[in-house]
Amino acid sequence: LFILQFFTLHFLSWLGALRYISLFLLGGLVFNLVGERFAFRFFIVMFYVSLISLFGFVFINRLNIHPPALVWGIKHWTYGVYTFVEEHHFRNCGMFWEPGAFAGILLLCIALNIKYLPELWANHKWKVLVVLGALLTSQSTTGYIVFFIICLYYLVFFVQTALLKVLFIPSGILIIFAVYDNTDFLQDMIANKSQRSDELVARQLENPVLVP
């Protein structure tokens with residue numbers, strides 16, 4: 001990843017790379033210590049986080065009921081395990097500073113439990129629906145795209161029936177294009193993200209940081 005960053009953007013932040021590598025190693029250590037139990041425990045934790053976030057999203061974001069909160073940053077109100085961001089008042093940020101980060105953690109939870117999905121659906125259907133509800137209310141374009149990719153991955157590698165693969169994989173791809181074509185906010189958000197990415201790359205190329 002960092003080699004690709006260097007050859008693509010022509011710069012590399014060594015401090016940033018060290019920080020991320022340290023976080024990866026720490027996460028790997030925790031996963032190794034907890035073992036296979038980690039995925040399910042992570043799912044249970046994210047179920048409670050998602051449940052709280054849905055209540056917060058309904059009462060604070062939608063009904064505009066604002067209990068006393070700790071204000072930090074620019075128009076961020078935190079309630080301990082839920083954060084209201086005025087810029088994203090129509091989206092579920094969970095406990096994070098923006099909805100994309102929340103969607104990323106939810107997707108990580110789903111990806112880690114992908115081989116246990118039939119068991120989770122059979123025994124914890126309500127919890128699965130709550131996590132999916134939190135992901136949907138985040139309205140994260142990247143989150144939606146990655147979720148569809150995870151679904152297609154599951155169909156390809158975990159569904160044994162060939163007929164289901166033939167039926168669902170093309171249908172899933174068509175659904176992706178149909179959803180994108182019929183939702184203005186997804187088109188606008190993807191276009192804005194693409195424009196911001198181009199501007200960021202241009203600024204970084206003009207002002208490289210810690211070029212080796």
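Laboratory data are not the source of any read-out in this text; all were calculated from the coordinates shown. Remember, it's a predicted structure, so these values are computed and weren't measured experimentally. Using ideal geometry, Cβ is built from the backbone for each residue, glycine included, and neighbour counts are taken over all protein chains shown.
At a glance:
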item	result
Packing-based ranking, highest mean first, of 85-97, 113-125, 21-33, 143-155 given that Cβ atoms within 10 Å are counted	85-97, 143-155, 113-125, 21-33
Over the range 23-65, equivalent-ellipsoid semi-axes from the Cα gyration tensor in Å	32, 12, 4
Label point distance in nm, TRP97-ASN32, each placed 7 Å from Cα along Cα→Cβ	3.0
Whole-number D in µm²/s for the range 66-144 (Stokes-Einstein; Kirkwood sum over Cα pairs; 20 °C, 1.002 mPa s)	159
Sites PHE55 and VAL156 - FRET efficiency at Förster radius 41 Å, r taken between beta-carbons, to 0.05	0.70
Using a Förster distance of 35 Å, the FRET efficiency for TYR116-LEU63 (Cβ separation, nearest 0.05)	0.50
For ARG62, net neighbour charge (Lys/Arg +1, Asp/Glu -1) across residues whose Cβ lies under 15 Å away	0
